Amino acid sequence: MTDSQHSPRFDVVSLGEAMLRLSVPIGLRLEDMRSRDVQIGGAEGNVCVALGRLGRRTGWVSRLPDDSLGQYVVRGLRADGVDISAVKRVPGERIGTYFIEYATTPRAIQVIYDRANSAAARMTVDDVDWGYLLDTRVLHLTGITAALSDNCYEIVSQAIQRARAAGVTVSFDVNYRAKLWDAEKAGAKLRPLIAEADVLFCKSADASLLFDCQGGPRELMVGLKSLTRAQAVLCTLSEQGAALLLGNEFIAQPAIPVQIVDRIGSGDAFAAGALDGWLDGDVREGLRRGVALAAIALSQHGDHTLTSRAELNAVMARQRRDVSR
């Protein structure tokens with residue numbers, strides 16, 4: 001929003017890559033696959049879908065091939081309430097894909113990316129409709145897009161600078177992907193980006209690996225907060241749940257017990273829940289919503305969290321109240 005007279009078109013706008021996610025049923029190997037389940041994947045789109053399902057006005061900016069695969073993504077996001085009118089379609093280019101082999105203990109889930117030189121990775125600052133991108137209350141960005149290419153890093157950097165100048169809240173999720181860049185490079189390149197965020201999301205493990213933040217959750221998050229102007233820093237703590245550092249106030253929210261169906265996309269669901277609270281002026285409530293939305297995401301298959309406000313409220317009504325401070 002650029003002035004007090006303007007009511008933003010969107011609650012949240014994001015920018016990033018969408019991919020086709022191809023997986024085999026649990027217990028089967030990719031090397032022996034006979035068929036694949038196809039879903040839409042991509043962190044920024046995941047956040048927009050989750051918020052759209054909660055009734056928020058969301059928009060997504062990207063670059064997709066002008067073919068049936070690109071149309072599959074456009075139709076899927078639009079069906080879940082995301083505006084895709086600023087997506088640039090280009091002929092003769094490719095969409096990124098990734099393959100998932102689910103596993104149970106002692107094996108780990110395997111993810112294989114095939115996203116190099118995708119249409120999104122070739123996006124430039126000239127492809128972005130900046131008026132659209134900034135016509136929002138919150139701009140949500142991630143370290144994944146910054147890692148795709150030098151030009152994508154420049155887009156993310158410019159988006160943060162333009163949002164700050166326009167008075168738009170900047171939400172940033174570190175979302176480190178080791179298969180896109182190594183920890184040393186990621187830490188160095190992400191520091192100037194997280195420094196300018198208003199709301200910062202980071203896994204506790206990533207805070208330690210990339211930014212050398214050490215100690216228990218509170219100490220680690222204090223270290224992370226020293227690197228940013230963010231009013232709110234939120235960390236997911238794996239099975240322990242999540243925590244919020246709001247100024248000097250530390251709040252921990254335990255995880256909700258869940259029978260895990262699919263882990264992928266739960267971090268994006270957490271970010272969506274937290275931003276939902278932020279939009280209502282209560283990031284503490286956002287922490288609770290984020291933990292609940294992550295639990296819902298873990299209980300279903302696919303990157304996208306297909307839910308509703310009624311379901312979120314029902315899960316939260318059963319949520320444990322033992323918040324530690």
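If you go through the range 12-32 one residue at a time, do you hit one that is open to solvent by 10 Å² or more (accessible area, probe 1.4 Å), farther than 17 Å from Ile144 by Cβ, modelled with pLDDT of 95 or more and under 19 Å from the mean Cα position of the chain (by Cα)? No, the conditions are met nowhere in the range 12-32. The residue that is farthest from Leu306 (Cα to Cα), counting only those in the range 57-88 that are in contact with a Gly (Cβ under 6 Å, 6 or more places away or on another chain) and charged (D, E, K, R), is Asp83. Pairs meeting the criteria (first residue in the range 155-181 and among the hydroxyl-bearing types (Ser, Thr, Tyr), second residue in a loop (DSSP other than H, G, I, E, B) and modelled with pLDDT of 95 or more, beta carbons under 8 Å, at least 6 apart or on different chains) are Thr169/Asp198; Ser171/Ala197; Ser171/Asp198. The residues of the range 8-46 that are in a strand (DSSP E or B) and either among the aromatic types (Phe, Trp, Tyr) or more than 19 Å from Ile109 (Cβ to Cβ) (or both), listed by number, are Phe10, Asp11, Val12, Val13, Ser14, Leu15. Residue count for the range 84-105 under the criterion of being under 24 Å from Leu180 (Cβ atoms) and touching a residue at least 60 places away in the same chain (Cβ under 8 Å): the result is 9. Restricting the range 63-86 to residues that are over 11 Å from Cys48 (Cβ atoms) and small (Gly, Ala, Ser), the residue that is most open to solvent (accessible area, probe 1.4 Å) is Ser68. Among the residues making up the range 107-119, those that are in a loop (DSSP other than H, G, I, E, B) and more than 15 Å from Leu64 (Cα to Cα) are Arg107, Ala108, Ile109. Remark: pairs (first residue in the range 296-314, within 16 Å of Ala255 (Cα to Cα) and touching a residue at least 60 places away in the same chain (Cβ under 8 Å); second residue open to solvent by 30 Å² or more (accessible area, probe 1.4 Å) and assigned to a helix (DSSP H, G or I); Cβ separation under 7 Å; 6+ apart in sequence or on different chains) = Leu312/Arg289. When the residues of the range 189-199 are narrowed to those that are touching a Lys or Arg at 6+ places or on another chain (Cβ under 8 Å) and under 19 Å from Ala274 (Cβ atoms), which ends up surrounded by the most Cβ atoms within 10 Å (Cβ to Cβ)? So the residue we want is Ala197. Contact map, the range 272-290: first residue more than 16 Å from Gly52 (Cβ to Cβ), second residue in a loop (DSSP other than H, G, I, E, B) and open to solvent by 40 Å² or more (accessible area, probe 1.4 Å), Cβ cut-off under 6 Å, separation 6 or more or different chains; the map is empty.
For Thr104, the test of being within 20 Å of the chain's Cα centre (by Cα), among the polar types (S, T, N, Q) and more than 19 Å from Ser149 (Cα to Cα) is failed. Kindly provide the set of residues from the range 96-155 that are of a type in the set (Gly, Ala, Ser) and open to solvent by less than 30 Å² (accessible area, probe 1.4 Å), ordered by number. Within the range 96-155, Gly96, Ala103, Ser118, Ala119, Ala120, Ala121, Gly143, Ala146, Ala147, Ser149 qualify.
The values are calculated or read from the model by the stated rules, or taken from the named source; none is laboratory data. Here the structure is a predicted model, which is why all the values come from computation and not from measurement. All Cβ positions, glycine included, derive from the backbone under ideal geometry; neighbour counts span all protein chains shown. The protein model used for the area step is the full one, side chains on, heavy atoms only, and it has no ligands, DNA or RNA in it. Shrake-Rupley method; radii C 1.70, N 1.55, O 1.52, S 1.80 Å.
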